[in-house]
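The values are calculated or read from the model by the stated rules, or taken from the named source; none is laboratory data. Fair warning: this is a prediction, and the values are worked out from it, not measured in the lab. In this analysis, Cβ positions are derived from the backbone assuming ideal geometry, glycine residues included, and neighbour counts consider all displayed protein chains. Protein only, heavy atoms only, side chains kept; ligands, DNA and RNA dropped before computing areas. Shrake-Rupley method; radii C 1.70, N 1.55, O 1.52, S 1.80 Å.
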Amino acid sequence: MRVFSGIQPSGNPTFGNYSGGFRQYVATQDRAVESGGAAFFCLVDLHAITVEYDPADLRERTLDLAALLYATGLDPARATVFAQSDVPAHAEAAWLLGAVTSYGQLGRMIQFKEKGARQEFVSAALFIYPVLMAADILLYQADTVPIGDDQRQHLELARDIAERFNQRFGETFVMPDGVYPETGARIMDLQSPVEKMGKTGSSEAGTVRLLDPPDVIRKKFRSAVTDSGRDVRRADDKPGVTNLIDIFSVATGDAPEVIEARYDGEGYGQFKQDVGEAVVALVEPIQERYRALRSDEPELRTMLALGAEKAAAASAPTLESMYERMGFVRASRSS
């Protein structure tokens, strides 16, 4: 089992990032090690420059995110954690894969349309970054990609690119499969539960950030939107309550059905308070570990550098195969 996933160092990570990403990373890290495989988790800083950004902010957020990944359970002895820009193979492979990616496919990417609509200046990088995402995955021959529900289209594109490359140049890439959480694949805004809880674009009151102070988290859940009824149950016409049940399930590990039975006939007041307390109980230890890691920046940089060395070594054979099969003369590597 070979695992790859990446996350952008932009914005402040939310409970949605934990549910759809971080907790999956830890679970697949452990499964990969148990199977004798490998797990790679990448801070995709090259993706972060596709929209307007501040260089100093990017530098700080990259280190913030590294500390948070370790704090949520990634172990440098069991997984390779690194910054994308530290491994030049990613950018090289993306350029090569551009030769087997169609303009039409990129134009149909939903995230390009949504993000582009919010930008005064739409960069070419925003248009082509799904090819870089495909390169990220395919370089490591990953068969397992833990991602959130919103990344399904990008993973399908990566599979299409791999298949097209294999057909044209010979079998080179493993076909990756997505792994999505059974519960909590898409956490919604607490104030607008028909919209995704994102690092950017969500309401402040409806966005629970992993580093929010505990009292702020409690307040956000107390004011979470539900509906005019009293039944704590999942239903299409109860998006707010459904979202809260999913969050409670992720925070405690209890099945949604168990939560529904526990609060049968209880109404929403105590339920919302208990969801908030469960989330606080989950994130407080994470916040404590994060602060300890983030306070030692030299050690954090050393950990990322070691991860980059391992990632470069792991990705090099695939990149060389790509160059060789595409017909390039690699004089410096001739024997």
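Assorted remarks:
- Looking only at residues of region 255-286 that are open to solvent by 50 Å² or more (accessible area, probe 1.4 Å) and touching a helix residue (DSSP H, G or I) at 6+ places or on another chain (Cβ under 8 Å), we find that the one that is farthest from P181 (Cα to Cα) is Q273.
- The set of residues in region 1-39 being open to solvent by 10 Å² or more (accessible area, probe 1.4 Å), touching a Leu at 6+ places or on another chain (Cβ under 7 Å) and assigned to a loop (DSSP other than H, G, I, E, B) consists of N12, P13.
- Residues in region 73-107 that are small (G, A, S), farther than 21 Å from A38 by Cβ and not in a helix (DSSP H, G or I): S102 only.
- Residues of region 192-211 that turn out to be open to solvent by 10 Å² or more (accessible area, probe 1.4 Å), free of Cβ contacts under 8 Å to residues at least 60 places away in the same chain and farther than 24 Å from R262 by Cα, as a count: 6
- Residues located in region 40-72, provided they are touching a Lys or Arg at 6+ places or on another chain (Cβ under 8 Å), part of a loop (DSSP other than H, G, I, E, B) and not aliphatic (A, V, I, L, M): T72
- The residues in region 1-11 that are more than 19 Å from E309 (Cβ to Cβ) and modelled with pLDDT of 90 or more can be counted, and the count is 5.
- Pairs with Cβ under 8 Å, 6+ apart, first in region 97-109 and without any contact (Cβ under 8 Å) to a residue 40 or more places away in the chain, second aliphatic (A, V, I, L, M) and loosely packed, with under 15 Cβ neighbours inside 10 Å: none
- Look at (1) touching a strand residue (DSSP E or B) at 6+ places or on another chain (Cβ under 8 Å); (2) surrounded by fewer than 17 Cβ atoms within 10 Å (Cβ to Cβ); (3) modelled with pLDDT of 95 or more and you find that P176 fails only one, number (2).
- Checking every residue in region 135-150 against the condition of being open to solvent by less than 50 Å² (accessible area, probe 1.4 Å), in a loop (DSSP other than H, G, I, E, B) and touching a Gly at 6+ places or on another chain (Cβ under 8 Å) gives at least one match.
- Qualifying positions in region 232-254 - without any contact (Cβ under 8 Å) to a residue 24 or more places away in the chain, out of contact with any Phe, Trp or Tyr (no Cβ under 9 Å at 6 or more places or on another chain) and open to solvent by 30 Å² or more (accessible area, probe 1.4 Å): D236, D237, G253
- Taking the listed residues G116, G184, the one that is open to solvent by less than 40 Å² (accessible area, probe 1.4 Å), among the small types (G, A, S) and in contact with an Asp or Glu (Cβ under 7 Å, 6 or more places away or on another chain) is G184, with no other qualifying.
- Any hit, region 73-84, residues being closer than 21 Å to L126 by Cα and out of contact with any Ser or Thr (no Cβ under 9 Å at 6 or more places or on another chain): yes
- Here A66 fulfils each of the conditions (1) of a type in the set (G, A, S); (2) touching a strand residue (DSSP E or B) at 6+ places or on another chain (Cβ under 8 Å); (3) surrounded by 23 or more Cβ atoms within 10 Å (Cβ to Cβ); (4) farther than 18 Å from K310 by Cα apart from (4).
- Remark: S321 matches the filter, which requires a residue to be farther than 19 Å from R78 by Cβ, polar (S, T, N, Q), open to solvent by 20 Å² or more (accessible area, probe 1.4 Å) and touching a residue at least 60 places away in the same chain (Cβ under 8 Å).
- Enumeration of residues in region 274-291 that are more than 23 Å from the chain's Cα centre (by Cα) and farther than 14 Å from V208 by Cα: D274
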